[in-house]
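Student: One structure, as structure tokens, below. Some questions next.
The values are calculated or read from the model by the stated rules, or taken from the named source; none is laboratory data. Because the structure is predicted, anything quoted here is derived from the model rather than measured. In this analysis, Cβ positions are derived from the backbone assuming ideal geometry, glycine residues included, and neighbour counts consider all displayed protein chains.
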Amino acid sequence: MRSRLDNAVLESDGLNTNSAPIFDPQTLSKLGRLELIAKTVVDGFLSGKHRSTHKGGCTDFAELRPYAQGDDLRQLDWRHYAKSDRYYVRQFDDETNLQALIVADASGSMQFGMSTVSKWRYAQMASACLGHLLLRQRDSVGLAIVGNQTLEYVRPLPRANHLARVLNVLSNVEASGESVLADSLGELTGRLKRRGLVILLSDCFGEVARLKHVLEQFRVRGHDVLILQILAPEELTFPFRREAFFQDLELPRQIQVNPNTVRKQYLQEFQRFLDELRQAIVDIGADLVTMTTDRDLGDSLAGYLHKRAAQKTKQTARARV
């Protein structure tokens, strides 16, 4: 039943309100000075907020190594010398800018929106907010819009004026057509040459096993992966009461449905899909945040960023013990 109803819209009752601006200052104000910090070690060159694989001379202590000719004498550990009568140099985990790629799913199912903005408009707004947030941190931000293939690709750059290009691309794409999300993501795995952050905004409809496999490829390459699953409230509650035609948003087909006869089975299968997806994301060590379009975007993002920051603080504290 999920394959029929996940991508459907009730023709007679549809109310799609997509007048909300993509870039909303009011939403940004709710994020305050929150930051999106990488949970894993990343590769980078600029001084930033995130731990790097490169060793430098500042920030968190990493290890001691024997002194070699040419090393900076200021980094000698005199306390260790007093104990061992040997010269050792202190090394630190340098901090770096993050390379982030925002991947927005523009397949037909993302058109769905009845009592709220469509899932695609919500994804556009979230992408704009995250792009602004990351560039404010002096991080590099890129954008990929995927459908049945990679529709648009903007390579990651750290410049403040780069946001205008990201917003322009987001504004000029409409969600449409059939897609296989896993195949589209697979095209992107080789584009990020440095370890960084991959943010996927999608309803994640499709075969969970295939999606898990391709996201695992990002993780194997050392990327931090965050999935923002965007759903409409009607998909979670199936509130429809009267018989009507449901239009598939990805394929040219309709089905006539009596909601009262399929509601229980639909809700069971949809919950099974959500459980399977969550377990798959846990298995690969990524983050999954389910967001509904009837909830304020600023509140949703701020809540997650607070939680992520707290987890990062605990992780750092455990590493120092």
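Student: For the stretch 184-199, give me each residue that is farther than 15 Å from Leu134 by Cβ and either acidic (Asp, Glu) or surrounded by 19 or more Cβ atoms within 10 Å (Cβ to Cβ) (or both). Explain how you work it out, then say what you get.
Tutor: Our first condition is that a residue be farther than 15 Å from Leu134 by Cβ; within the stretch 184-199, this holds for 184-191, 193, 195.
Ser184, Leu185, Glu187, Leu188, Arg195 - these are the residues of the stretch 184-199 that are farther than 15 Å from Leu134 by Cβ and either acidic (Asp, Glu) or surrounded by 19 or more Cβ atoms within 10 Å (Cβ to Cβ) (or both).
Student: Continuing with this model, one more query. Taking Gln149, is it modelled with pLDDT of 90 or more, under 22 Å from Phe112 (Cα atoms), surrounded by fewer than 23 Cβ atoms within 10 Å (Cβ to Cβ) and not hydroxyl-bearing (Ser, Thr, Tyr)?
Tutor: For Gln149, the condition - modelled with pLDDT of 90 or more, under 22 Å from Phe112 (Cα atoms), surrounded by fewer than 23 Cβ atoms within 10 Å (Cβ to Cβ) and not hydroxyl-bearing (Ser, Thr, Tyr) - is not met.
Student: Here's a follow-up. Being under 14 Å from Leu192 (Cα atoms) and assigned by TED's automatic domain parsing to the domain that holds Thr27, is that true of even one residue in the stretch 129-140? Before you say what the answer is, go through the steps one by one.
Tutor: We begin by selecting, within the stretch 129-140, every residue under 14 Å from Leu192 (Cα atoms); these are 140.
Next, only the ones that are assigned by TED's automatic domain parsing to the domain that holds Thr27 stay: 140.
Yes, that holds for at least one residue.
Student: Scan the stretch 114-123 residue by residue and report those that are more than 17 Å from the chain's Cα centre (by Cα) and buried (at least 23 other Cβ atoms within 10 Å of the Cβ). Walk me through it before giving the result.
Tutor: Let us first name the residues in the stretch 114-123 that are more than 17 Å from the chain's Cα centre (by Cα), namely 114-118.
The answer is Ser118, and nothing else.
Student: Okay, next question. Any residue at all in the stretch 78-87 that's within 29 Å of Leu215 (Cα to Cα) and either surrounded by fewer than 23 Cβ atoms within 10 Å (Cβ to Cβ) or aromatic (Phe, Trp, Tyr) (or both)?
Tutor: Here is the first cut: in the stretch 78-87, the residues within 29 Å of Leu215 (Cα to Cα) are none.
Scanning the stretch 78-87 turns up no residue that is within 29 Å of Leu215 (Cα to Cα) and either surrounded by fewer than 23 Cβ atoms within 10 Å (Cβ to Cβ) or aromatic (Phe, Trp, Tyr) (or both).
Student: Since Asp139 meets every condition but one in (1) within 17 Å of Leu28 (Cβ to Cβ); (2) of a type in the set (D, E, K, R); (3) surrounded by fewer than 23 Cβ atoms within 10 Å (Cβ to Cβ), which condition does it not meet?
Tutor: (3)
Student: Next question. Restricting attention to helices (runs of 4 or more DSSP H) lying wholly within the stretch 188-305, give those where 3 or more residues are over 30 Å from Lys30 (Cβ atoms).
Tutor: Working: elements: 208-220, 233-237, 259-283.
Of the helices (runs of 4 or more DSSP H) lying wholly inside the stretch 188-305, those with at least 3 residues that are over 30 Å from Lys30 (Cβ atoms) span 208-220, 259-283.
Student: Could you count how many residues in the stretch 88-102 are in contact with a Pro (Cβ under 7 Å, 6 or more places away or on another chain), of a type outside the set (Ser, Thr, Tyr) and at pLDDT 80 or above? If you could, list the steps in order and put the result at the bottom.
Tutor: Looking only at the stretch 88-102, we keep the residues that are in contact with a Pro (Cβ under 7 Å, 6 or more places away or on another chain), and these are 88, 97, 99-101.
Now drop any that are not of a type outside the set (Ser, Thr, Tyr), which leaves 97, 99-101.
Now restrict to residues that are at pLDDT 80 or above: 99-101.
The number of residues fulfilling the criteria is 3.
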